[in-house]
Amino acid sequence: GQITETSLRGSVADNAGSVIAASAVVAQNEATAQVVSTTTDENGDFVFPSLPPGSYTIFVRVPGFKTYELKNLKLNVGQTATLNIRLE
């Protein structure tokens, strides 16, 4: 079969590099406004295993930290992108 999707993985940590478990990570497709969300594991890691290709806005919300927002993250077919996030 043909690959028609993309994936995104990464980690969430604070400015000191300490991992943040149970962080809410949201990916919003900028063309369709479709939203998918996941939560970081005990190592601060997250994965979106199957996303339609396109441009995404990524949000991370953790109590006590500024909301992280990254716009226009381009994900291409067959790509596994990595995004390591540091929260302030």
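Here the relative contact order of the chain, from alpha carbon pairs under 8 Å that lie six or more residues apart, stands at 40 percent. Each residue of segment 37-48 was assigned a 3J(HN,Hα) from its phi angle through the Karplus expression (A = 6.51, B = -1.76, C = 1.60, θ = phi - 60°), giving 9, 8, 10, 5, 7, 5, 9, x, 8, 9, 8, 10 Hz with x at Gly and Pro. Amide H contacts under 5 Å for residue 6: 51, 78, restricted to partners 5 or more places along the chain or on a different chain, H placed in the peptide plane at 1.01 Å from N.
From the coordinates of this entry, Rg/Rh (Cα atoms, Kirkwood Rh) is computed, and it appears in [x] 1.10; [y] 1.06; [z] 0.98 under the label [z]. Element breakdown for the chain at a 1.4 angstrom probe: carbon and sulfur atoms account for 48% of the accessible area.
Peptides 8-16, 34-42, ordered by how many other C-beta atoms sit within 10 Å of their residues on average, highest first, read 8-16, 34-42.
Counting only protein heavy atoms and a 1.4 Å probe, the chain has 58 square angstrom of accessible area per residue.
The values are calculated or read from the model by the stated rules, or taken from the named source; none is laboratory data. Worth saying up front: this structure is predicted, and the values here are computed from it rather than measured. Ideal geometry is used to build each Cβ from the backbone, glycine not excepted, and the neighbour counts take in all protein chains shown. Remember, those area values only see protein heavy atoms, side chains included, never the ligands or the DNA or RNA. Shrake-Rupley method; radii C 1.70, N 1.55, O 1.52, S 1.80 Å.
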